[in-house]
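The values are calculated or read from the model by the stated rules, or taken from the named source; none is laboratory data. A quick note: this is a predicted structure, and the numbers were derived from the prediction, not measured. Please note: Cβ atoms are built from the backbone with ideal geometry, for glycine as well, and neighbour counts cover all protein chains shown.
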C-alpha cells in the first residue's frame, strides 16, 4: 500500500505523541502533511550588515563565530548561553535561553546565518533567541508552518522532508498533461517540493501558482458537479399563486428589489427543476421577508419549507421574524434546535412527518437522519458561508431534491461569488428599505476611549442601547476571548458604566443563557451589551444605535461590516466607533475604508484586493478548501482561469470519469467528503 496514505505515526521520526499533535491539526497521513503548506518563509537570500539593522526589526545576518562565552546558570531550570559573532565589520552577541544544543553545535571560525530581532546600543548589539543555520547547509527560503503546542516549525520541516522522500519513490499527478501545458503549470510533484523547499523565489511563485490553481479548480469542479447532478433531477413543480394576502399582512411595503427577488424565486419554484439560488444582500436589505414570501408560496402549494440558521440565537430570531410575517396568513412556524428536550423533539418530528408543520426553523439539527418530511418543497439556509457545501447538499437531499434558497448578508464580490457558489444562481438585493440611514463610522485610537464612552452615554440617556465588542486576543483561543469579555464587562460595570445595566454575551454561554441575554436586550432590560463576535450575524435590536469595537485592526473588513450591521436597523441615526492603536499601514487602510463607505459590496471588493480570495472568509468558511496557495495569487485572472478550465472539463466529462481525470476526480471527492457524507459521494 502507498506509504503516503498510511497513518502519520508510521512516518519515520513522528511516533505516537507527535502523531496525536498532527491529528489535532487534521493531519492524518504523510499525504496530508505534504499539503500542510508553510504560512510564510524566513528569507536568508539577502542578509544585512549588523550596522544597517534597526532594533526590533527581524533580520537575517551572515556572520562568523568569534568565541563562545561560558554558560551562565541564572537560577534553577534557567540557563543563559552567549556566542560572540562578527559580519566582518561589526560584532554582536547571540543570546540563547535554555538551548544548550544550539550553543554546543556552533563552532568558532564557522559561518552561520542567524535570524531574529536586534536590541542594544552602538557599543553592544544583541540578538536574542535567534534561529541559526550553518551557511553550507542553509535553506535560503526557510518555511515556517502553522503549528500547535509541542509541535514546532523545525519538527514539521524534518517530517515534511521524510514525506517528500516517500513522494520521490511513489510520485503522483492530478492534472492531465494537456491542462498543465495549456495553463503553464509545473508538475504537482515538483510544486510540492518547491513549496516546502524552494530553490529560489521564482520557483516558489510557480509552485504557489500551480497549487493555487488546483485548489480553486477542485472546488469549482465539485460545485459544478453538484449543480450538474441537481439540474438532472426533478423537483416539486408548483403553480403560480396569489401572494396579495401575504403582502397586505406586512407592516411595510416591499422595495422594487425585494419584489423582483420574490418574482424570480417563485418562477424557479414553478419550473420543475431544482432551484439553486443565492439571495445576497447587504445588512438590513430585507432578505428575510423575501424568504418568508417564498415559504408562503410553497405552503400555498401544499409543500413544507425548512429554514436552517448557523446558531441557536439566529434560529430563535428567525422564528420570531417568520412568525410575524406568516401567522397573519395562517402559517405557524415551528422551531427545532439541538437544545430542545427529547420529548419535544419527538413530538416535533412526528408533526413534521405528518405534514402539520408547514415551516420548520432550526439549526443543523434539521438535517439529522431521523427527520422525515411529508412534502418538503423548499430549503432555505441563512449565512451560507457558515455551512459547508456538503451540508447544504445534505439538507437539500431530504425527501428527494427540493428547491434550495441560500441567503447571505456577507457581501461577496460577484467574481468571487460565482466561484464560491458555482452551484447556485445569484440574486442581489441592491436596495435598502426606506428610512434607513447609513451608519456613521469613526476610527479612533485608545486615547479617545473615554470620549467615546461619553458619546455612548449620551445615547443611552436618550433611551437607546449599545454594543461594546470586547478586545480580540487570538481568534483560535476562544477561552481567552471569553475571559477578556468577562473582565471587560466587570471593568465597565465598576467604572465608566456603573450607572447603566451592563450585559454580557459570549460563545461559551449555554444556548438558553444566550437566548436569555438577547431576550433581555430586546426587552431593553440591558442598556449596554458587552460581547464577543457572537453578535456578528443576524442579531436584530432596532433600538441599538451604538457599537464600539475594540482592537478593530484584528478584524477583516467583511467581519467589521457584519459587526457594524448590528446597528442602523431603524430610522434613528446610528454610529460605529472603531478603536485601534495599530500603526500598521494595512490596518489603517482597512479602517479608512470602513469610515468612508457603508456599502457592503464596495467593502467586499476592497477586502478582496487587500487580502485575496484565500482568506476572504477567514477560518469560519466551512466546506471550502483552505486556498492557502490561492491566497498568494489574489489576482482575478487566476479565479477566471480556473473557472474557464472547470467549465470546459465539466462540459466534456460531467462525472470526471475518463482515465486522464481519474486522479482529479479522486481529489475532488476527497475535498468534498471532508465536509459531510452527502457531498459528492
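Data table
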{"quantity": "Odd one out for residue 585, checked against (1) buried (at least 21 other Cβ atoms within 10 Å of the Cβ); (2) farther than 17 Å from residue 314 by Cα; (3) out of contact with any helix residue (DSSP H, G or I) (no Cβ under 9 Å at 6 or more places or on another chain)", "calculated": "(1)"}
{"quantity": "Qualifying residue in the stretch 555-575 (condition: buried (at least 20 other Cβ atoms within 10 Å of the Cβ), outside the structural domain of residue 288 (by TED's automatic domain parsing) and farther than 27 Å from residue 287 by Cβ)", "calculated": "no"}
{"quantity": "1 or more residues closer than 29 Å to residue 11 by Cα, in contact with a strand residue (DSSP E or B) (Cβ under 9 Å, 6 or more places away or on another chain) and without any contact (Cβ under 8 Å) to a residue 40 or more places away in the chain: qualifying strands (runs of 3 or more DSSP E) within the stretch 105-197", "calculated": "131-134"}
{"quantity": "Criterion (touching a strand residue (DSSP E or B) at 6+ places or on another chain (Cβ under 7 Å) and assigned by TED's automatic domain parsing to the domain that holds residue 410) met by exactly one of 339, 285", "calculated": "285"}
{"quantity": "Tally, over the stretch 48-67, of residues that are over 24 Å from residue 161 (Cβ atoms) and surrounded by 17 or more Cβ atoms within 10 Å (Cβ to Cβ)", "calculated": "6"}
{"quantity": "Selection from the stretch 28-80 of residues that are assigned to a strand (DSSP E or B) and more than 19 Å from residue 111 (Cβ to Cβ)", "calculated": "40, 41, 58, 72, 73, 74, 75, 78, 79, 80"}
{"quantity": "Meets criteria (assigned by TED's automatic domain parsing to the domain that holds residue 289, at pLDDT 80 or above and within 14 Å of residue 337 (Cα to Cα)) for residue 381", "calculated": "no"}
{"quantity": "Of all residues making up the stretch 10-27, the number that are over 13 Å from residue 163 (Cβ atoms), touching a strand residue (DSSP E or B) at 6+ places or on another chain (Cβ under 9 Å) and not in a loop (DSSP other than H, G, I, E, B)", "calculated": "3"}
{"quantity": "For residue 228: the one exception among (1) surrounded by 15 or more Cβ atoms within 10 Å (Cβ to Cβ); (2) out of contact with any strand residue (DSSP E or B) (no Cβ under 7 Å at 6 or more places or on another chain); (3) at pLDDT below 95; (4) over 24 Å from residue 295 (Cα atoms)", "calculated": "(1)"}
{"quantity": "Exclusive hit being in the same structural domain as residue 573 (by TED's automatic domain parsing) and either closer than 30 Å to residue 554 by Cα or at pLDDT 85 or above (or both), set 593, 603, 650", "calculated": "593"}
{"quantity": "Matching entry among 411, 433 (being modelled with pLDDT under 75, in contact with a helix residue (DSSP H, G or I) (Cβ under 6 Å, 6 or more places away or on another chain) and closer than 20 Å to residue 262 by Cα)", "calculated": "411"}
